[in-house]
Amino acid sequence: MPRLTVELIERVAGYLNPLGDREFMARGLKIPVIENMGILQDDYDCIDLSENEIRRLGDFPPMKRLTSLVLANNSIDRISGDVGRTLSNLKALVLTNNRIGNLGEVEQLTQLTNLEALSMIGNPVSRNAEYRAYVVYRMPWVKFVDFRRVSETERKEAAVLFATDSGKALETAISEGRIVEAESTAAGETETRMKANMLTDAQKAVVRRAIQSAASREAVDDIEQMLKAGTFPFDSYA
């Protein structure tokens, strides 16, 4: 199996991306483990390791310059407890389409106190009813979750949710390391997504009608994707 060896890293040329940042990109190489990153000597603003087979987010040396990390389309299901120390200035983290299923893993990201944008679309955990609210509650400094801006209303509602008995119980379960998995079922996924996105009652009614009229599971999935992206055409279904 390919490895992220010193020799491979040295062969991958860095470049200036469209934002003018120095970027290191090693995509689609079937790399299973993050390793030997010290060879980069903290010379990069962005690292892109998408479309590999990485299972754990971790094993970085201290990289104070790094502000963007892209790990989309891997197999990550665990997050190291040292990410806050090694990636202390990270502002954007893309974990789209991985295998994180437990809110306890999301808790590890609360160490990233400079994080402004987080994407976990396509992870099982994003189907959890309290996923988005938990992220907003535990990381009040984050401005965008799954490419959608966090509103002040969401922050207040998340604080209220976790002040309830059920919210406190969930937070306790996470802190004690108990498994807090995502829910399933087609209708349940969409219902929990609506709750996480804080839709109005009228908008929820529109989405329910769209689900009821869907002709297939694929159609329900399309509704899910539009809700995630914030592009659901409410007026068309009203």
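Tabulated data
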{"read-out": "Spacing of the two label points (7 Å from each Cα toward its C-beta) at residue 205 and residue 35, in nm", "value": "5.9 nm"}
{"read-out": "R0 of 25 Å, Cβ-Cβ distance residue 43-residue 75: FRET efficiency to nearest 0.05", "value": "0.35"}
{"read-out": "Accessible area per residue, Å², the range 1-159 with all protein chains present, probe 1.4 Å", "value": "44 Å²"}
{"read-out": "DSSP-defined beta bridges in the range 60-188 - what % are antiparallel, rounded to 5", "value": "20 percent"}
{"read-out": "Inter-site label distance for residue 12 and residue 165 at 7 Å from Cα along Cβ, in nm", "value": "5.1 nm"}
{"read-out": "Protection proxy ranking, peptides 157-164, 89-96, average beta carbon neighbours within 10 Å, highest first", "value": "89-96, 157-164"}
{"read-out": "Estimated inter-spin distance, residue 222 and residue 176, nm [label 7 Å along Cα→Cβ]", "value": "4.5 nm"}
{"read-out": "The range 26-183, accessible surface, carbon-and-sulfur percent (1.4 angstrom probe)", "value": "48 percent"}
{"read-out": "Size-normalised alpha-carbon gyration radius of the range 1-129, reference 2.2 N^0.38 Å", "value": "0.99"}
{"read-out": "Calculated FRET value between residue 151 and residue 19, using beta carbons and R₀ = 35 Å, to 0.05", "value": "0.85"}
{"read-out": "Debye intensity ratio in log₁₀ form over the Cα atoms of the range 73-177, taken at each q of 0.10, 0.11, 0.15, 0.25 Å⁻¹", "value": "-0.25, -0.30, -0.59, -1.62"}
{"read-out": "Whole-percent pair-distance distribution, where bins are 10 Å wide, for the alpha carbons of the range 114-175", "value": "22, 54, 24"}
{"read-out": "Whole-angstrom gap from the range 24-46 to the range 141-180, using each part's C-alpha centre", "value": "32 Å"}
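The values are calculated or read from the model by the stated rules, or taken from the named source; none is laboratory data. Every value quoted in this text rests on a predicted model; they were computed, and no experiment measured them. Ideal geometry is used to build each Cβ from the backbone, glycine not excepted, and the neighbour counts take in all protein chains shown. Accessible surface areas use protein heavy atoms only, side chains included; no ligands, DNA or RNA. Shrake-Rupley method; radii C 1.70, N 1.55, O 1.52, S 1.80 Å.
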